[in-house]
1. For n ≥ 4 DSSP H runs only, could you compute -39500 (n - 2.57) per run for the chain, divide by its residues and tell me the 222 nm figure to the nearest 500?
2. Just the accessible area per residue of the chain, please: how many Å² with a 1.4 Å probe?
3. Rounding to the nearest 10 and keeping the result within 0 to 90°, find how far the Cα-based axis of helix 105-116 lies from the longest principal axis of the chain.
4. Please compute the volume of the convex hull spanned by the alpha-carbon atoms of the chain and report it per residue in Å³.
5. Cβ under 14 Å from GLN9's Cβ, GLN9 left aside: what net charge do those residues give with Lys, Arg +1 and Asp, Glu -1?
6. Roughly how many percent of the accessible protein surface of segment 16-122 is carbon and sulfur, given a 1.4 Å probe and a whole-percent answer?
7. Calculate how steeply helix 47-61 sits against the longest principal axis of the alpha-carbon atoms of the chain, using the helix alpha-carbon long axis, and give the answer as 0 to 90 degrees to the nearest 10.
8. Among residues other than SER23 whose Cβ falls under 15 Å from its Cβ, what is the net charge (Lys/Arg +1, Asp/Glu -1)?
Amino acid sequence: MVNDRQAPQSDYAAVGGAPAIASVVDLFYQRVLADPQLVGYFASTDLTRLKRHQVQLVSQVMGGPVSYEGPELAAAHAGREITEQDFGRVVEHLITSLHAHEVRKDIIDRVVEALATTRDDVVTH
Ligand code: HEM
């Protein structure tokens, strides 16, 4: 008998793969950079590189065939004096951007759970 079981679909595939995630990350940084409380942090940031790394990270978290190739998150955020409140705002902007792309709630919850584990590497103030 043929085995017709399907491998479970990754969250990455479920949301629409690379183009969908690139679009979510674009909206996410539009929102972050339009937020007066956050924009200052990014004053001297290479946004092309930042987006590329964030796309890799979100893709990896969603089980996609992509690996994060950026610096350790603790190193990327060291010395930036990021507060708990800023962290919460950034997470909110990501949630809003995922909602705007009609990403399923269970998938959003998993992404948020994964991001919550980065808190101690990001919040330094
Ligand atoms: C929600 C958790 C967060 C994750 C997963 C995350 C992830 C990342 C990643 C992947 C990079 C790219 C590193 C690089 O290309 O060098 C980055 C850079 C950066 N992040 Fe975050 N980040 C988070 C929260 C925050 C928060 C709350 C702030 C500030 C309010 C922030 C500010 C920055 C800045 C300013 C950079 C650019 C660093 C540079 O210019 O080299 N991040 N982050």
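The values are calculated or read from the model by the stated rules, or taken from the named source; none is laboratory data. These figures come from a predicted structure and were not determined experimentally. Here the Cβ positions follow ideal geometry from the backbone for every residue, glycine too, while neighbour counts run over all protein chains shown. These accessible areas exclude ligands, DNA and RNA; they are computed on the full protein's heavy atoms, side chains included. Shrake-Rupley method; radii C 1.70, N 1.55, O 1.52, S 1.80 Å.
1. -18000 deg cm²/dmol
2. 62 Å²
3. In the chain, helix 105-116 runs at an angle near 40 degrees to the longest axis.
4. 115 Å³
5. +1
6. It is 53 percent, rounded to a whole number.
7. Around 40 degrees separate the two axes.
8. +1
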